[in-house]
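The values are calculated or read from the model by the stated rules, or taken from the named source; none is laboratory data. Computed from a predicted model, the values in this text were never measured in an experiment. All Cβ positions, even for glycine, are placed from backbone atoms using ideal geometry, and neighbour counts span all protein chains on display.
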Amino acid sequence: MNTLFLLSLSLVALLGAEEPAPATAKPAIKGKVLLLENERVLEGDIELVGDRYKIKRTIGETWLPTNNVVRLCPSMDDAYLFLRSRTNLEDADERLKLVSWCVRYGLKERAVEEATAAVELRPEHSPSIRLLTHLKASIDQDQLRKEINTTVVAEEVPIVLPIEVANDSLSVFATRIQPILMNTCATCHSTGKGGNFKLQRVYGLAKPNQKNLQQNLAAVLSQVNLQQPDNSPFLGKALTLHGGANKAPIKGRETEAYKLLEDWVRMTTVRHAIAQVEVPSSFAEEKVGAKPMKPTPVPPKEKEGEKEANPFDPEVFNKLFNPMK
């Protein structure tokens, strides 16, 4: 009897020890990211006002009924975590849907996490493997760009070009010549192994690369012979073995790459020569004020004690401006 009583008490205690179901969390009133039913998002300063969300952005305000919204989140990452909590993590296709969502909204690191998990679930699935490889490469490129953009050089010394370069010559250098240098010369000459001819690596045409472009242009111009352009060291080195390499940077004079270099050197030196042509002396005198102006005559004063001559008196005027009369 006592044993039955004790068992009954134990059962009651166990039943009473169960935790009550958690109360439903109240929806957030303010946030930055609104997750919609179709899993798209709206960003801005968002506030729940009555039965609608007010979304304030730089372009104005938008109002959205609450029945179109799944969740108001403080950040995009929180929206991702919420979606993930509703995903079957054992299903590779579900993981790939999360990858797509993360890529759309700029969460590349999260996309790599989900793609990695998808590959682990299906190790032989080639599309998943290719996707993961692409995402990792994209993150590496983003990191490289970030490092370039955040590099700050204190008290930079202005780059002075040996000669003035015309705009058309500069444009050809940036779009045609510099890519050749990056493909044929930068491996050695941007790593400290190329002697005095030093190049800077350039990635695309973004603004932070303007300094590198100027440095490369200055390096090339220092190897250009203004009097005999075809004998420029810049062109000669392009066709010869140097620096311990087993082949010349460019195969021969008939290659398109060499012809581009040659044409650019000739164009640049011709533009420079034209700019150096002396301007007419009359123009120079007018420009710099070399031709002195005739001083304006000053009317003579009368002797001490006498009245000052009136310059508008006809006799005085003729003496000043018509002395022959």
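Of GLU147, GLU155, GLU124, GLU164, all but one fail to be outside any helix (DSSP H, G or I), at pLDDT below 75 and of a type in the set (D, E, K, R); the exception is GLU155.
The rows are residues; the columns are (1) among the hydroxyl-bearing types (Ser, Thr, Tyr); (2) at pLDDT 90 or above.
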| site | (1), (2) |
| --- | --- |
| SER169 | yes, no |
| CYS188 | no, no |
| GLN210 | no, no |
| LEU213 | no, no |
| LEU217 | no, yes |
| GLN228 | no, yes |
| ASN231 | no, yes |
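Entry remark, the range 44-65: residues being surrounded by fewer than 16 Cβ atoms within 10 Å (Cβ to Cβ) and either under 22 Å from LYS108 (Cβ atoms) or in contact (Cβ under 8 Å) with a residue 24 or more places away in the chain (or both) number 1 in total. The residues on offer are LEU235, LEU226, LEU217, and the sole one that is without any contact (Cβ under 8 Å) to a residue 40 or more places away in the chain and either at negative phi or in a helix (DSSP H, G or I) (or both) is LEU235.
Only residues that are closer than 16 Å to VAL70 by Cβ and at pLDDT 90 or above were counted in the range 21-50, giving 15.
Residue count for the range 74-89, restricted to those that are within 31 Å of the chain's Cα centre (by Cα) and not in a helix (DSSP H, G or I): 2.
Quick check on the range 259-272. Is at least one of its residues in a loop (DSSP other than H, G, I, E, B) and modelled with pLDDT of 50 or more? Checked against the condition, which is being in a loop (DSSP other than H, G, I, E, B) and modelled with pLDDT of 50 or more, the range 259-272 yields no hits at all.
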